[in-house]
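Right, one structure below, let's go through it.
The values are calculated or read from the model by the stated rules, or taken from the named source; none is laboratory data. The model shown is predicted, which means the values in this text are computed figures rather than measured ones. Note that we place each Cβ from the backbone using ideal geometry, even for glycine, and neighbour counts take in every protein chain shown. For the accessible areas, the whole protein counts, side chains as well, though only heavy atoms, and no ligand, DNA or RNA atoms are used. Shrake-Rupley method; radii C 1.70, N 1.55, O 1.52, S 1.80 Å.
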Amino acid sequence: MGLFWKRKSGGDFISLGLNTPDEPVASAPVTEPEPKPEPPAAPVKPAPAPAPAVVATIESPAPIRAEAPVQPAQPLPRPETAAPVAPPAPAHVPAMTPPTPVASKPVAPVVEKPVAPPEPQESDEEGFLKRFRKAVSATRENIAARLEDVVKGKKQIDAETLEELEEALIRADIGVQTTMSIIEDVRQQVDRQSLKDVDELKRVIKQHLLDILENAARAHGVNSETYVPDDVRPYVMMVVGVNGVGKTTTIGKLAQRIKAEGNEVLICAADTFRAAASDQLAIWAERAGVQLIQQKQGTDPAAVLFDSLKAAKARNADVLIVDTAGRLHNKSNLMAELEKMKRIASREVPSAPHETLLVVDAVTGQNGLSQAREFTKAADVTGLVLTKLDGTAKGGIAVAIAKELNLPIRYCGIGEKADDLVVFDARAYVDGLFE
């Protein structure tokens, strides 16, 4: 599915060059060493003249005096001759028997086993679509089962069928406004006799849902982080929502996925009301390898945000993710705290916060729609994060929120792992509901 975070980091993208061909290296010209001048030969000295021969003078020997006669030496007695020693008898060597020939066994020919071809690996696109279909399987079974019950045993679509279809779509958490729009379109096509079978009915519903989601992404809000110029740093993301919807987990997964693509990420722990909030964020920050800016419990959240913005600018961070206190949408004092934090952010970084993401639990169904409606009034929400989409049959709430609020769904959670937080794909979502 490409990059999770499409905005360039401070040092742009780092390439290891593993897939690029080796470039020829220009060889430097080889210079031969210049011959060194030989030193001048030393002058040859003439050989010395031969020395004159020395003639020795021999004097006559002195006369020898006569001495006493020397007695002849007595012969030594001969030792007795030893008896001859008989040679030892030769050792008996047994006769060598010729070796018995061994019959050689025939060698069996080596049969090479056929090597099975490697199994084709699915691409990232195929893997993403497969995981998305699995995540919305419960919602798909809910909608498909209701549609089948409506049209079962009926040869044509009449007024009674349309009433049953309206009730089925509302129960699937598609939303009242969306349901009424679909029913009106279906009724017009029935009157023109252009809609005759169940397959055509499914096609009409599928196209309606896709149009709602795509129009919401283009209406207003922020549907991509690339709208902010690359030279504006840090990119400030403020995450809001009630307690228990998966806000802290979403922040940790966002930081881990953005960090994995070579971006410098900081987390601001501005939820100073809940005791365990900073501890949970510290675990996620350590797991993702990002730095966490936090203060003691009870500190003014706006002060924590101010320190985090200063630290992010000093460290040239690419992204600053701001955690906020989990609050109910009907608490006016906490909602006013969000406005104060937004004013401080915009004062320190141009047009910050660049995104205000509302985390909605898909399991809550229509209650999530009321949360989104109230948060939008107070916090100027620019996009949605739909969590726990894989654990509910009420995934149709995504369409209801997009229809009523015209807000893009930025991310959705389709599992528990870090890479299970994915960029929302409207077509993959709708295809997963009907395939």
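Computed over region 184-339, the quotient of the alpha carbon radius of gyration and 2.2 N^0.38 Å is 1.43.
Efficiency by 1/(1 + (r/R0)^6): what FRET value for E160 and S137, r their Cβ-Cβ distance, R0 = 30 Å, to the nearest 0.05? Show your work: numbers first, answer last.
Working: r = 30 Å, r/R0 = 1.00.
With R0 = 30 Å, the Cβ-Cβ based efficiency is 0.50.
Remark: spin-label model distance T299-Q207 equals 5.6 nm, labels positioned 7 Å along the Cα→Cβ axis. Per residue, region 341-435 exposes 33 Å² of solvent-accessible protein surface, assessed with a 1.4 angstrom probe and all protein chains in place.
Rg over Rh for region 302-435 works out to 1.00, both radii taken from alpha-carbon positions and Rh defined as the Kirkwood radius.
Solvent-accessible surface (1.4 Å probe) assigned to S346 amounts to roughly 60 Å². Segment R171..R192, full-extension length gain: 4.8 nm, with 0.36 nm per residue of separation and the alpha-carbon distance subtracted.
Could you give the accessible area per residue of region 271-332, probe 1.4 Å, as a whole number in Å²?
Per-residue accessible area for region 271-332 comes out at 48 Å².
With a cut-off of 14 Å between beta carbons, the residues surrounding K310 carry a summed charge of +2, where Lys and Arg count +1 and Asp and Glu -1. Taking every alpha carbon pair in region 331-398, what does the distance histogram look like in 10 angstrom bins from 0, in percent? Binned Cα distances yield the sequence 20, 43, 26, 10, 0. Full extension of the chain between A144 and E339 yields a length gain of 65.9 nm, computed as 0.36 nm times the residue separation minus the alpha carbon distance.
For region 300-368, which whole percent of the accessible surface, found with a 1.4 angstrom probe, sits on carbon and sulfur atoms? Numbers along the way, then the final one.
Values: 1330 of 2560 Å².
Roughly 52 percent, rounded to a whole number.
Take the solvent-accessible surface of the protein heavy atoms, probe 1.4 Å, and return the percent of it on region 145-288 that carbon and sulfur atoms account for. Intermediate values should be presented prior to the final figure.
Details: 3200 of 6920 Å².
With neighbouring chains kept in place, the figure for region 145-288 is 46 percent.
Each Lys or Arg adds one and each Asp or Glu subtracts one; over the other residues with Cβ under 10 Å from the Cβ of C268, this totals -3.
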